[in-house]
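The values are calculated or read from the model by the stated rules, or taken from the named source; none is laboratory data. A quick note: this is a predicted structure, and the numbers were derived from the prediction, not measured. Virtual Cβ from ideal backbone geometry, glycine too; neighbours counted across all protein chains shown.
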């Protein structure tokens, strides 16, 4: 039975009073280090919001310290660091760990996840609670601290792409399952970690970069060396989230845990606002730079979408062969997407 609003407010007031008084609702003082690849940017806004609010509402008893630029860990090794106790939390993107988080890559499937940031966040949180995903996370001493919804992935770089057929032979930095619908039309996948994208594009290792739009392109300064931005190709989203070690989580008091969970929605909203602000700034900047912004035609995108379902089933078959509940999980995800996008 859901807690009544007045009762929830009373409980939270008690938590905050105890925090201010240093009372028994609080665990011992702690600092969590959060491993982040790349600079502060829109995607980091939720954990930054959480850090500010937790410090304020616990009287500094629990400090969350974001550490940027792979100073704590490479992008591809964050869950290993969490499991090993090198730090307490980090930005986990499952496309970097297909062998370690195989089931969570369901949210990486091309053209599956909803556009709406808050709807996507609610789907992620529901998926994290699925028993099969919970078991997968448990192997890495991992739990979802915050969802990490992303804007749809678009393309930026040095090749003009206005039709599906223009993808032939184009070397694209694209991760995971999203690559498959591009490969159908002859694109060549290259999995380049985000911090290496500028150098790879500059040196001609790749022709185009796929990123959540628009903030990520600007975060890695790709507009400085790009000629084209391909908008509305909307390939899907990478399944990223803010993970925390179960060990660190278990050391919190129930009151601290509740407070942190209550902050999930406002933290996610802070991220959505940061994405919108980045879009307003970046579109204007890119036009001023003379970057050609191409709206990928809906009819051309439909050619890519036509093959997406086939690749979803290939993902299911691959997981089922390994004894994993791929079919049931995909159906669960589809049901949750329908539920949260009404």
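Can you list the helices (runs of 4 or more DSSP H) lying wholly within the stretch 186-305 that have 1 or more residues being within 22 Å of residue 82 (Cβ to Cβ)? Outline the logic, then answer.
Values: elements: 197-202, 215-219, 246-250, 254-262, 264-289.
The helices (runs of 4 or more DSSP H) meeting that bar are 246-250, 254-262, 264-289.
Taking the condition of being within 20 Å of the chain's Cα centre (by Cα) and either surrounded by fewer than 24 Cβ atoms within 10 Å (Cβ to Cβ) or more than 24 Å from residue 164 (Cα to Cα) (or both), how many residues in the stretch 213-234 meet it? It would help to see each step written out before you state the result.
Of the stretch 213-234, the ones within 20 Å of the chain's Cα centre (by Cα) are 213-222, 231-234.
So of that shortlist, the ones also either surrounded by fewer than 24 Cβ atoms within 10 Å (Cβ to Cβ) or more than 24 Å from residue 164 (Cα to Cα) (or both) come out as 215, 218-222, 231-232, 234.
Residues meeting the conditions: 9.
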Using the structure shown, decide if residue 187 is farther than 30 Å from residue 252 by Cβ, without any contact (Cβ under 8 Å) to a residue 40 or more places away in the chain, in contact with a helix residue (DSSP H, G or I) (Cβ under 6 Å, 6 or more places away or on another chain) and crowded, with 24+ Cβ neighbours inside 10 Å.
yes
Any chance residue 320 is under 19 Å from residue 111 (Cβ atoms), touching a helix residue (DSSP H, G or I) at 6+ places or on another chain (Cβ under 8 Å) and assigned to a helix (DSSP H, G or I):
no
Tell me which residues, restricted to the stretch 58-106, are in a strand (DSSP E or B), within 14 Å of residue 245 (Cα to Cα) and touching a residue at least 60 places away in the same chain (Cβ under 8 Å).
89, 90, 91, 92
Within the stretch 96-106, tally of residues that are at pLDDT below 95 and crowded, with 22+ Cβ neighbours inside 10 Å:
1
With the stretch 107-175 as the region, which strands (runs of 3 or more DSSP E) entirely inside it contain at least 1 residues that are touching a helix residue (DSSP H, G or I) at 6+ places or on another chain (Cβ under 8 Å), at positive phi and surrounded by 19 or more Cβ atoms within 10 Å (Cβ to Cβ)?
153-157
Members of the stretch 266-292 that are surrounded by 14 or more Cβ atoms within 10 Å (Cβ to Cβ) and either at pLDDT below 95 or over 30 Å from residue 51 (Cβ atoms) (or both):
286, 291
Among the residues of the stretch 258-286, count how many are over 27 Å from residue 128 (Cβ atoms) and in contact with a strand residue (DSSP E or B) (Cβ under 7 Å, 6 or more places away or on another chain).
1
Going through the stretch 289-309 one residue at a time, which ones are within 24 Å of the chain's Cα centre (by Cα), free of Cβ contacts under 8 Å to residues at least 60 places away in the same chain and under 20 Å from residue 168 (Cα atoms)?
none
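Look at residue 245 and say whether it is under 21 Å from residue 37 (Cα atoms), buried (at least 19 other Cβ atoms within 10 Å of the Cβ) and touching a strand residue (DSSP E or B) at 6+ places or on another chain (Cβ under 9 Å). Break it down stepwise before answering.
On the way: under 21 Å from residue 37 (Cα atoms): yes; buried (at least 19 other Cβ atoms within 10 Å of the Cβ): yes; touching a strand residue (DSSP E or B) at 6+ places or on another chain (Cβ under 9 Å): yes.
The answer is yes for residue 245.
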What are the pairs, 6+ residues apart or on separate chains, where a residue within the stretch 134-155 that is within 16 Å of residue 80 (Cα to Cα) has its Cβ under 7 Å from a residue that is part of a loop (DSSP other than H, G, I, E, B)?
136/101; 136/103; 140/100
Looking only at residues in the stretch 315-326 that are surrounded by 13 or more Cβ atoms within 10 Å (Cβ to Cβ) and in contact (Cβ under 8 Å) with a residue 40 or more places away in the chain, which one is farthest from residue 136 (Cα to Cα)?
315
Report whether or not residue 329 is at negative phi, crowded, with 16+ Cβ neighbours inside 10 Å, at pLDDT 95 or above and assigned to a helix (DSSP H, G or I).
yes
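Please specify each residue of the stretch 238-254 satisfying the condition of being within 15 Å of the chain's Cα centre (by Cα) and at pLDDT 95 or above.
Pass one, the stretch 238-254, residues within 15 Å of the chain's Cα centre (by Cα): 238-244.
Within the stretch 238-254, 240, 241, 242, 243, 244 meet the criteria.
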